[in-house]
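Read the structure below first, then the notes.
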Amino acid sequence: MASRGASRALRASAKQLAAPAVQRRTFVSALNAARAGVTAAPRAAVTAPFVQKRGVKTVDFAGTKETVYEREDWPREKLLDYFKDDTLAMIGYGSQGHGQGLNLRDNGLNVIIGVRKNGQSWKEAEQDGWVPGKNLFEIDEAISKGTIIMNMLSDAAQSETWPQIKPQLTKGKTLYFSHGFSPVFKSLTKVEVPTDIDVILVAPKGSGRTVRTLFREGRGINSSVAVYQDVTGKAEEKAVALGVAVGSGYLYKTTFEKEVYSDLYGERGCLMGGIHGMFLAQYEVLRERGHSPSEAFNETVEEATQSLYPLIGQNGMDYMYAACSTTARRGAIDWSKKFKDTLKPVFNELYDSVQDGTETKRSLEYNSRPDYREAFEKEMEEIRGLEIWRAGKAVR
């Protein structure tokens, strides 16, 4: 029977711990420029910003028009009315579950949490003010009470608990994801969604911690929004409303496939894996050429993260170049072409590995291992032990 089944399945996978998402860029300069104007460093040439008028849902991104939804279209009163008959069942209380769940609660919506009783997530939920029997339940009970089921379990746990969860997703309910991983790679995850329910996605472009922080600051994170299956004819509207309710400021329309491909690709590339690899390569060459650890770290990591990358985040690469010396910008522009030509084949190889499911298979196999936590900690210990990061601790 389905009752208690998902909890048992989740308990078996509780030893696996998904790696915390890394905070990503949360503001899009195109929209900021259109709304408030941008104060930039002197530039050789300035392109006039596309003017986005209130209420228009199409934004010109460098010549390509995309659909964008705004938080202002869904004030709190409208959200309360729209979801007045719904119970939002948040299944899982990891990084995204924590951030999105608390934002939904603060917005006044009827949200409940479903996790393994007395597990770590249950205890953390209690610490955040969720009350057992009131808005904190075991997974199966939460699903039975919910009209919108928000599956926030880790990708590996979603796959393992799906046989117990699927029978409870009855007609009239809505299934919500924050990552397209499970349904897109269903041949590997076995997550075949029921055909008689709406299936939607809101994927914040940042960690759950960032989702929560920006919400509490009165701002909103950028998110992707998509529809996998529209049975009611209202799936997209529902997804956008939920996106705002969980803390999004702007929502960018995409598909489940494109969301998961770009997400896995980005994490392994410039966001995490690629940038770490470049840090290591540059640091090692400096050390091999006789530079001290502090000098190598400062020229590789410290100046990048504390000085230059924030300038890119504020207003783009040309803004950063304009803020640097003529010698620095000349060399950077010249060498950027060689790095691009050298790295592009690697990035194409990476995208192929994402698209054909190789990365998904690797992730599911590794993250489903009974010794996952121990194996992951061993890798983290190796990284912490690298000279570059030990030097960084001393520098900072």
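Tabulated data
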read-out	value
At R0 = 35 Å, FRET efficiency that the Cβ-Cβ distance of Lys171 and Lys84 yields, to 0.05	0.95
Two-site label geometry, Arg330 and Asp371: point separation in nm, points 7 Å out along Cα→Cβ	5.6 nm
Surface accessible to a 1.4 Å probe, per residue, for the residues of the chain, Å²	52 Å²
Length released on extending from Lys234 to Met380, taking residue separation times 0.36 nm less the Cα-Cα span	48.1 nm
Residues Glu126 and Leu280, FRET efficiency given R0 of 35 Å [Cβ-Cβ distance, rounded to 0.05]	0.30
Apportionment of accessible area to carbon and sulfur, region 272-365, percent (1.4 Å)	56 percent
Per-residue [θ]222 nm for the chain (sum of -39500 (n - 2.57) over DSSP H runs n ≥ 4, rounded to 500)	-14500 deg cm²/dmol
Degrees separating the helix 155-165 axis from the principal Cα axis of the chain, which is the longest one	10 degrees
Label zone at Ile312, where the point sits 7 Å out along the Cα-to-Cβ direction: region 335-350 residues whose backbone N lies under 17 Å	335-344, 347
Distance (nanometres) between label positions extended 7 Å along Cα→Cβ at Lys337 and Val395	3.0 nm
Inter-label distance, nm, simple model (7 Å from Cα along the C-beta direction), Thr64/Thr147	3.7 nm
For Asp106, solvent-accessible area (1.4 Å; no DNA, RNA or ligand), Å²	70 Å²
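The values are calculated or read from the model by the stated rules, or taken from the named source; none is laboratory data. Please read these numbers as outputs of a predicted model, since none were measured by experiment. With ideal geometry, Cβ positions are generated from the backbone for all residues, glycine too; neighbour counts draw on all protein chains shown. SASA here: full protein model, heavy atoms, side chains in, ligands and nucleic acids out. Shrake-Rupley method; radii C 1.70, N 1.55, O 1.52, S 1.80 Å.
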